[in-house]
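What follows is a short report on a single structure.
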Amino acid sequence: MSQADSIAALLSLLRERQSFLITSHARPDGDAIGSAVGLMHLLDAMGKDVHVAFADPIPLIYGYLPGVKRITHTLPATPPDAAILLECESIERSGFDRIDAGMTINIDHHKSGRPFADFNWIEPEASAVGAMIYNLAVASGVKISPAMATSLYTAVLTDTGSFTYSTTTAATFALAEHLVNSGARANEVAQAVYFSNPPSKIRVLGLALNNMVLDGEVAHAWITQQEMTRAGAVPEDCEGVVNYLIGIAGIETAAFLRELPAAEGAPEYRTSLRSKGSVDVSVVAERFGGGGHRNASGCTLAGPLEAARTRVVAELHAAGHTREERQKQPV
């Protein structure tokens with residue numbers, strides 16, 4: 001289905017139903033939260049009953065989003081007419097064991113997206129799920145309110161790496177212009193997202209960069225659970241650390257590994273991957289059971305730490321070599 005056909009079909013489904021659950025993936029990021037709140041405002045404007053639930057806490061930096069306090073961490077007692085899952089490749093990815101609803105709707109822009117729902121709108125070329133919700137809002141004819149604009153602007157800003165990833169196009173900037181003209185305050189969003197960090201986040205950055213290793217075109221760093229405790233940090237404090245690694249001159253791919261809280265068996269490491277564009281790190285993430293985008297992906301690696309580091313760095317080097325071989329091939 002084309003984008004226009006997908007949007008038309010989805011709008012028909014939304015108009016036919018009254019009650020909705022909106023959720024997204026565990027460990028929510030700016031796109032997950034911004035697009036969910038933006039969609040909530042859209043459905044509100046359409047006169048619908050909306051319940052937004054996330055399995056995990058909302059990072060404090062997104063507390064400025066209008067309506068974010070309506071997000072709960074429990075599913076509705078009565079199954080809604082439809083459950084909308086944003087950028088999830090499965091119901092399990094939401095962090096909830098099961099979701100009861102009249103139907104399921106899957107909206108995703110990850111390359112690793114899977115058509116698991118009753119209705120699936122997967123658009124890997126989209127810069128963010130927030131951009132997809134924006135297109136849905138425009139097509140609906142609903143006036144984009146300042147609250148909706150702020151939410152969707154946040155989603156796109158954060159998921160494009162502040163408009164630096166290859167998915168950023170002229171259409172992305174046109175979207176941003178429209179959202180700013182509709183009431184999103186770009187400077188206030190940037191202040192909240194990038195310049196309102198708790199001290200613990202800066203301590204984490206220092207500890208992680210002290211562990212940094214540069215290996216040719218690959219940079220990687222890590223932080224242990226012991227170091228997290230020493231910094232007084234929470235998982236959200238690790239967001240963005242990997243961007244400092246990929247920002248190094250001469251580095252094409254980067255990985256940041258965060259040790260997860262102790263569990264039975266070998267330790268595990270939540271791993272964020274980044275690329276400057278020449279290497280597709282989503283392929284590497286998928287090899288470890290994760291996924292994401294060409295420039296930004298993630299996965300979870302089994303420990304111990306040295307083994308996890310070795311595996312991911314080897315895969316990043318292999319992906320870089322594959323790129324070099326393609327470049328050598330005659331056109």
How high is the relative contact order of the chain, given as a whole-number percent (alpha carbon pairs under 8 Å, six or more residues apart)?
12
Across the chain, where is the longest run that never hits trypsin sites (Lys or Arg not before Pro) in a DSSP loop with at most 11 other C-beta atoms within 10 Å?
144-331
Pull up all non-local amide H partners of TRP222: gap of 5 or more, or a different chain, and H-to-H distance under 5 Å with H placed in the peptide plane.
ASN211, LEU257
Does segment 1-87 come out rounded, prolate or oblate, given a ≥ b ≥ c as the square roots of the eigenvalues of its C-alpha gyration tensor, rounded meaning a/c under 1.5 and, failing that, prolate meaning a/b above b/c?
prolate
For LEU207, solvent-accessible area (1.4 Å; no DNA, RNA or ligand), Å²
40
Using the Cα centre as the reference, give the magnitude of the dipole from point charges on the C-beta atoms of segment 143-286 (Lys, Arg: +1; Asp, Glu: -1; all else neutral), rounded to the nearest 20 debye.
460
By its C-alpha gyration tensor, with a ≥ b ≥ c as the square roots of the eigenvalues, how is segment 179-258 shaped: rounded for a/c under 1.5, else prolate for a/b larger than b/c, else oblate?
oblate
Calculate the translational D of segment 211-275 in whole µm² s⁻¹ from Stokes-Einstein, where the hydrodynamic radius comes from the Kirkwood formula applied to all Cα pairs, the temperature is 25 °C and the viscosity 0.890 mPa s.
198
Quick one: 3J(HN,Hα) in Hz for segment 215-226, Karplus 6.51/-1.76/1.60 with θ = phi - 60°, rounded, Gly and Pro as x.
9, x, 8, 10, 10, 8, 8, 8, 9, 8, 5, 5
Can you divide the C-alpha Rg of the chain by 2.2 N^0.38 Å and report the result to two decimal places?
0.99
Using only Cα positions of segment 37-127, each an equal point scatterer, no hydration layer, compute I(q)/I(0) via Debye at q = 0.13, 0.19 Å⁻¹ and quote the log10 values to two decimals.
-0.46, -1.02
Computed [θ] at 222 nm, deg cm²/dmol, the chain (DSSP H ≥ 4; -39,500 (n - 2.57); rounded to nearest 500)
-12500 deg cm²/dmol
Could you work out how far the C-alpha centroid of segment 52-70 sits from that of segment 212-229, in angstrom?
29
Which lysines have a Cα lying under 21 Å from the Cα of LYS48, excluding residues fewer than 8 positions away in the same chain?
LYS69, LYS143
Residue by residue through segment 61-74, the couplings from Karplus 6.51 cos²θ - 1.76 cosθ + 1.60 with θ = phi - 60°, in Hz, x for Gly and Pro, are 5, 9, x, 7, 4, x, x, 5, 6, 6, 6, 10, 10, 10
Under a Cβ-Cβ cut-off of 11 Å, what is the net charge of the residues other than SER272 that fall near it, where Lys and Arg count +1 and Asp and Glu count -1?
+2
Assigned charges on the beta-carbon of Lys, Arg, Asp, Glu; the chain dipole about Cα centre (debye)
440
Modelled FRET efficiency - R0 30 Å, ILE248 with ALA318, Cβ distances, 0.05 increments:
0.90
Considering only THR229, ASN181, GLY247, whose Cα is most displaced toward the positive end of the charge dipole of segment 176-250, charges sitting on Cβ of Lys, Arg (+1) and Asp, Glu (-1)?
THR229
Unit-weight point scatterers at every alpha-carbon of segment 1-159, Debye formula, q = 0.16, 0.20 1/Å: log10 I(q)/I(0) is -0.80, -1.39
In Å, what is the Rg of the alpha-carbon atoms in segment 132-193, and how long is Dmax?
11.0, 31
State to the nearest 20 debye the size of the charge dipole of segment 1-136 about its Cα centre, where the only charges are +1 on K and R beta carbons and -1 on D and E beta carbons.
260
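The values are calculated or read from the model by the stated rules, or taken from the named source; none is laboratory data. Small disclaimer: the values here were computed from a predicted structure and weren't measured. Positions of Cβ are generated from backbone atoms using ideal geometry, with glycine treated the same way; all protein chains shown enter the neighbour counts. The accessibility values were calculated without ligands, DNA or RNA, using every heavy atom of the protein model including side chains. Shrake-Rupley method; radii C 1.70, N 1.55, O 1.52, S 1.80 Å.
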